[in-house]
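A short reminder: the numbers here are calculations on the coordinates, not readings from a lab. If you're wondering where the values come from, they're calculated on a predicted model, not measured in any experiment. As a convention, Cβ positions derive from the backbone with ideal geometry for all residues, glycine included, and neighbour counts pool all protein chains shown.
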Amino acid sequence: MPANWTTPVTWNVDQLVTNDDLNEQVRDNLEYLLSPNHDRILRDNSGDYAITGVTAFQDIDSTNLSITMETHGGPVLVHFMGSGHSNGTNNPGYFDIAVDGTRVGAAFTFGLLTLGCDAAAWMPVSLVVLVTGLAAGNHTFRPQWRSDVSDTLTLRASSSNSAATFEVIEL
């Protein structure tokens with residue numbers, strides 16, 4: 001994939017166009033457009049992630065479940081997936097996505113996704129959100145979570161069970 005977009009040329013009448021000109025203007029720019037910015041993490045944490053009594057959203061793993069990407073100002077599709085459970089009486093667990101440290105679902109007390117299930121059952125956690133309005137430049141994406149006061153929320157992330165998956169792609 002070409003490293004950069006080449007600004008299209010305005011051709012002049014009777015201008016000699018070479019194969020290098022056409023390759024740069026047509027082939028390379030089409031390859032650039034058809035190869036969007038993207039990254040994916042399949043996280044093997046060598047054990048599950050767990051939090052207890054965390055009532056404010058925090059990064060699940062700010063080192064290993066973090067994607068920094070240079071975007072071009074287009075919409076960005078963010079996907080987080082895993083298996084989780086909570087031991088709580090009401091069985092809640094809450095998930096969100098942070099972009100540059102700001103939660104996408106900040107207007108919602110419980111974020112973008114509530115996980116509610118029987119404490120003995122592992123349930124799928126799948127959060128997909130389209131992020132719009134980002135300026136061109138570097139942006140950091142991280143999945144976040146929180147539990148209720150006395151609940152323990154657990155997320156699988158090991159090769160003996162299943163990976164936590166985090167993906168970001170600019171459309």
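Using a 10 Å cut-off around each Cβ, can you sort LEU127, LEU155, LEU134 from fewest to most neighbouring Cβ atoms? Walk me through the numbers before you get to the answer.
Numbers: LEU127 20, LEU155 27, LEU134 17.
Least to most surrounded, the residues fall as LEU134, LEU127, LEU155.
By per-residue mean of other Cβ atoms within 10 Å, what is the highest-first order of 28-38, 94-104?
Working: 28-38: 13.1, 94-104: 18.0.
Descending mean neighbour count gives 94-104, 28-38.
Given R₀ = 30 Å, FRET efficiency for ALA56-ALA120 by Cβ-Cβ distance, to 0.05? Working shown, then result.
Working: r = 27 Å, r/R0 = 0.90.
Working from the Cβ atoms, E equals 0.65.
From the phi of every residue in the stretch 162-168, what ³J(HN,Hα) in whole Hz does the Karplus formula 6.51 cos²θ - 1.76 cosθ + 1.60 yield, where θ is phi - 60° and glycine or proline is x?
In residue order, the calculated couplings are 7, 7, 8, 10, 9, 9, 9 Hz.
Calculate the dipole size of the stretch 1-147 relative to its Cα centre from +1 charges on Lys and Arg beta carbons and -1 charges on Asp and Glu beta carbons; express the result in debye to the nearest 20.
Values: 6 positive and 15 negative charges, 143 e Å.
I would put it at about 680 debye.
Compute the FRET efficiency between PHE108 and THR7 as 1/(1 + (r/R0)^6), taking r as their Cβ-Cβ distance and R0 = 35 Å, and round to the nearest 0.05. Before the final figure, lay out each step's value.
Details: r = 41 Å, r/R0 = 1.17.
The value I calculate is 0.30.
If R0 is 45 Å, what FRET efficiency do you get for ASP14 and LEU34 from their C-beta distance, rounded to 0.05?
Details: r = 32 Å, r/R0 = 0.71.
About 0.90, to the nearest 0.05.
Before rounding to the nearest 500, sum -39500 (n - 2.57) across all DSSP H runs of length at least 4 in the chain and divide by the residue total; then give [θ] at 222 nm in deg cm²/dmol.
Values: 2 runs with 9 residues, N = 171.
Per the formula, -1000 deg cm²/dmol.
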